[in-house]
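Here the structure comes first, spelled out in structure tokens, and everything after it is commentary.
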Amino acid sequence: MSREDLLNLMAALLRSGKLTEATLAGVLEGARLSPPQMWGLILLVRAGGRLSHKRLAERTGTAKSNITKLVDRLEEGGLARRVPDPEDRRGVIAEITEEGRRRHDEGLGLAGEAERALLGRLNPHDRAELARLLGLLGAGADP
């Protein structure tokens, strides 16, 4: 692949990422959620409703200080609460609330709109190939 082709590929990846984030942000407004809040709720639901800040940081691949800010926003919105970690008396766990579960479910429904807008032009084979390739690119980035 030529240097020009590589630059064009990188530019296409950046544009696709920005378009994906903007599209998702637009549809999630209907649930009054940002993409990071939605991802936080998804992770909490997947974990059975509770995760330590450390585990949230590991699973999002971000710094613990960013997780503190995310949990602050979730807590301000009534979507999660902080509870003491029974295994670490210095630790804190983020726990999803009923409102958080409701908005998570609402957000998942709305995310289907983003999926149709972004991937509607792709046939099932192309979608599967895109998922495979993105999985290769992201391998190791999302524990």
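No value in this document is a laboratory result; all are computed from the given coordinates. Quantities reported herein were computed from a predicted structural model and do not represent experimental measurements. Cβ: placed from backbone, ideal geometry, glycine included. Neighbour counts: every protein chain shown.
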Worksheet item: Karplus couplings for the stretch 32-48 from phi (6.51 cos²θ - 1.76 cosθ + 1.60, θ = phi - 60°), rounded to Hz, Gly and Pro as x?
Response: 6, 10, 8, x, x, 5, 4, 5, x, 5, 4, 5, 5, 4, 4, 8, x
Worksheet item: Would you list His104, His125 from fewest to most Cβ contacts within 10 Å?
Response: His125, His104
Worksheet, complete the sentence: With a Förster distance of 30 angstrom and the Cβ-Cβ distance between Arg101 and His125, calculated FRET efficiency to the nearest 0.05 equals 0.30
Worksheet item: Per-residue ellipticity at 222 nm for the chain, helices alone: DSSP H runs ≥ 4 residues times -39500 (n - 2.57), over residue total, nearest 500 deg cm²/dmol?
Response: -22500 deg cm²/dmol
Worksheet item: For the residues Ser52, Ser2, Ser16, Ser65, what sequence is obtained by ranking on other C-beta atoms within 10 Å, fewest first?
Response: Ser2, Ser65, Ser16, Ser52
Worksheet, complete the sentence: Residues whose modelled amide H sits under 5 Å from the amide H of Asp85, counting only those 5 or more places away in sequence or on another chain, are Gly91, Val92, Ile93
Worksheet item: Fully extended, how many nm does the chain gain between Glu115 and Thr62 (0.36 nm per residue separation, minus their Cα-Cα distance)?
Response: 16.6 nm
Practice prompt. Tell me the trypsin sites (Lys or Arg not before Pro) within the stretch 99-138 that lie in a loop according to DSSP and have at most 15 other beta-carbon atoms within 10 Å.
Written response: Arg121
Worksheet entry | Two-decimal ratio, the stretch 16-64, of alpha-carbon radius of gyration to 2.2 N^0.38 Å | 1.25
Discussion item. Explain nothing, just compute: Karplus ³J(HN,Hα) = 6.51 cos²θ - 1.76 cosθ + 1.60, θ = phi - 60°, for every residue of the stretch 108-125 in order, whole Hz, x for Gly and Pro.
Written reply: 4, x, 5, 4, x, 5, 5, 4, 5, 5, 7, 10, x, 7, 8, 6, x, 5
Worksheet item: Could you give the semi-axes, largest first, of the ellipsoid that matches the stretch 3-138, computed as the square roots of 5 times the alpha carbon gyration tensor eigenvalues and rounded to whole Å?
Response: 31, 18, 13
